[in-house]
Amino acid sequence: MEQKSNDKKKRSASFYQSQGLAIGLALGLIFGAAMDNIGVGLVLGIAVGLGLGRTLELQAKKQGNEGK
């Protein structure tokens, strides 16, 4: 049997925020290691990642792609 793909997948309410956190954490670690100050890099990466994730989350809600 062939399964039909559902283009409108429902995502949890914090999907984009958690993705932003993970990406920000990884980039912050790399940035902090390059600057020889991992603590500051992690904090900045988490802040930027959560900010971007929240922005994407709000944008998805406007477009109606967000699951309830």
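The values are calculated or read from the model by the stated rules, or taken from the named source; none is laboratory data. On a predicted model such as this, the values are computed, not experimentally measured, just so you know. FYI the Cβ positions are ideal-geometry reconstructions off the backbone, even for glycines, and counts take in every protein chain you see.
Answer yes if at least one residue in the range 15-37 is crowded, with 17+ Cβ neighbours inside 10 Å and of a type in the set (S, T, N, Q), and no otherwise. Yes, the conditions are met somewhere in the range 15-37.
Of everything in the range 1-25, what is among the aliphatic types (A, V, I, L, M) and at pLDDT 60 or above? Give them in sequence order. If you could, list the steps in order and put the result at the bottom.
Just the residues of the range 1-25 that are among the aliphatic types (A, V, I, L, M), to begin with: 1, 13, 21-23, 25.
Of everything in the range 1-25, those that are among the aliphatic types (A, V, I, L, M) and at pLDDT 60 or above turn out to be ALA13, LEU21, ALA22, ILE23, LEU25.
Keeping to the range 26-66, report how many residues are closer than 21 Å to SER12 by Cβ and either under 16 Å from the mean Cα position of the chain (by Cα) or at pLDDT 95 or above (or both). Before you say what the answer is, go through the steps one by one.
Of the range 26-66, the ones closer than 21 Å to SER12 by Cβ are 26, 46, 49-66.
Narrowing further to those that are either under 16 Å from the mean Cα position of the chain (by Cα) or at pLDDT 95 or above (or both): 26, 46, 49-61, 65-66.
Here the count works out to 17.
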